[in-house]
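Asks: One structure, pasted below without further comment.
The values are calculated or read from the model by the stated rules, or taken from the named source; none is laboratory data. Note that this is a predicted model, so its numbers are computed, not measured. All Cβ positions, glycine included, derive from the backbone under ideal geometry; neighbour counts span all protein chains shown. What goes into the accessible areas is simple: the full protein's heavy atoms, side chains included, and nothing from ligands, DNA or RNA. Shrake-Rupley method; radii C 1.70, N 1.55, O 1.52, S 1.80 Å.
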Amino acid sequence: MDVQFVASVAPIVRDAKAASVFYTDALGLSFEGSDGDYVYTQKLDGTKHFGLWPLSEAATACFGTTEWPSEIPVPQASIEFEVADVAAAADELKAKGYRLIHEARTEPWTQVTARLLSPEGLLVAVCSTPQFHERSDATS
């Protein structure tokens, strides 16, 4: 698998308001974008995208429902790794015995993702994020 960079890191939050207060007031981060209760920045060195992802929205992205399934451990954070070929990376993970939450698919925001839980319970995606490549192509 050819991981190119960390595309995104997002704590998965149960209380969006409390999380926003912590990350903005206690840590001094600023978020320039939002989509509902999801807030994010793409101006934090070390990752292309840092967001506060409400659990209900993570559940919707993974399972199509706002409730996280009770039989699956609730993740504390999401980390996304950019790869050249999401379907091939997903197949490689399955061949190594890992169970995907979902196969490679295109999200409404145009990112292609396949997700699984890591052994320590993080929601991990192998992904391809077109806007990150458009931005780097424009600066090349």
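Asks: What is the antiparallel percent of DSSP beta bridges lying wholly in segment 76-140, to the nearest 5?
Replies: Details: 10 of 15 bridges.
Around 65 percent of the beta bridges assigned by DSSP in segment 76-140 are antiparallel ones.
Asks: Using the per-residue mean of other Cβ atoms lying within 10 Å as a proxy for protection, in what order, highest first, do the peptides 83-94, 119-130 fall? Kindly include the intermediate steps, with their values, before the conclusion.
Replies: Numbers: 83-94: 17.2, 119-130: 18.8.
The most tightly packed comes first, giving 119-130, 83-94.
Asks: Here is a further query. With no solvent and one point per C-alpha, what does the Debye sum give as log10 I(q)/I(0) for segment 17-87 at q = 0.13, 0.17 Å⁻¹?
Replies: So the normalised log intensities work out to -0.46, -0.77.
Asks: Now for a separate question. Keeping every protein chain present and rolling a 1.4 Å probe, give me the accessible area per residue for the chain in Å².
Replies: 56 Å²
Asks: Sticking with this structure for a sec: Counting each DSSP H run of 4 or more residues in the chain as -39500 (n - 2.57), what helix-only mean residue ellipticity at 222 nm follows after dividing by all residues, to the nearest 500 deg cm²/dmol?
Replies: Details: 4 runs with 35 residues, N = 140.
Mean residue ellipticity at 222 nm (helix-derived): -7000 deg cm²/dmol.
Asks: For the chain, what's the radius of gyration and Dmax over Cα atoms, in angstrom?
Replies: 15.0, 46
Asks: So what is the relative contact order for the chain, in percent, with contacts set as C-alpha pairs under 8 Å and at least six apart?
Replies: Numbers: 251 pairs, mean separation 34.0, N = 140.
Relative contact order, the chain: 24 percent.
Asks: In nm, to one decimal, how far is the modelled label at residue 34 from the one at residue 74, with both set 7 Å along Cα→Cβ?
Replies: Each label point is offset 7 Å from its Cα along the Cβ direction, giving 2.2 nm.
Asks: When only DSSP loop residues count, what GluC sites (Glu not before Pro) in segment 31-91 have their Cβ near at most 11 other Cβ atoms within 10 Å? Display every interim value, and only then the final one.
Replies: Details: sites: 32, 57, 67, 71, 80, 82; in loops: 32, 67, 71.
Those satisfying the criteria are 32, 67, 71.
Asks: Computed FRET efficiency, Cβ-Cβ of residue 3 and residue 63, R0 25 Å: what is it to the nearest 0.05? Show your work: numbers first, answer last.
Replies: Values: r = 25 Å, r/R0 = 1.01.
Taking R0 as 25 Å, the efficiency between residue 3 and residue 63 is 0.50.
Asks: Got a number for carbon plus sulfur as a percent of segment 81-140's accessible area, 1.4 Å probe?
Replies: On the way: 1840 of 3280 Å².
Ligands and nucleic acids excluded, carbon and sulfur reach 56 percent.
Asks: Find out how many positive minus negative residues lie around residue 114, taking Lys and Arg as positive, Asp and Glu as negative, among other residues whose Cβ is under 14 Å from that of residue 114.
Replies: Neighbour charge sum, excluding residue 114 itself: -2.
Asks: Follow-up. What does the net charge come to around residue 75 if you take all other residues with beta carbon closer than 11 Å to its beta carbon, with K and R at +1 and D and E at -1?
Replies: Numbers: positive: 115; negative: 120.
Neighbourhood net charge equals 0.
Asks: Continuing with the same structure: Using R₀ = 35 Å, calculate the FRET efficiency as 1/(1 + (r/R₀)^6) where r is the Cβ-Cβ separation of residue 21 and residue 84; round to 0.05. Spell out each step's value before the answer.
Replies: Numbers: r = 38 Å, r/R0 = 1.10.
Given R0 = 35 Å and the Cβ-Cβ separation, E is 0.35.
Asks: Using per-residue counts of other Cβ atoms within 10 Å, averaged over each peptide, order 102-108, 25-31, 11-17 from highest down.
Replies: With the highest mean Cβ count within 10 Å placed first, the list reads 11-17, 102-108, 25-31.
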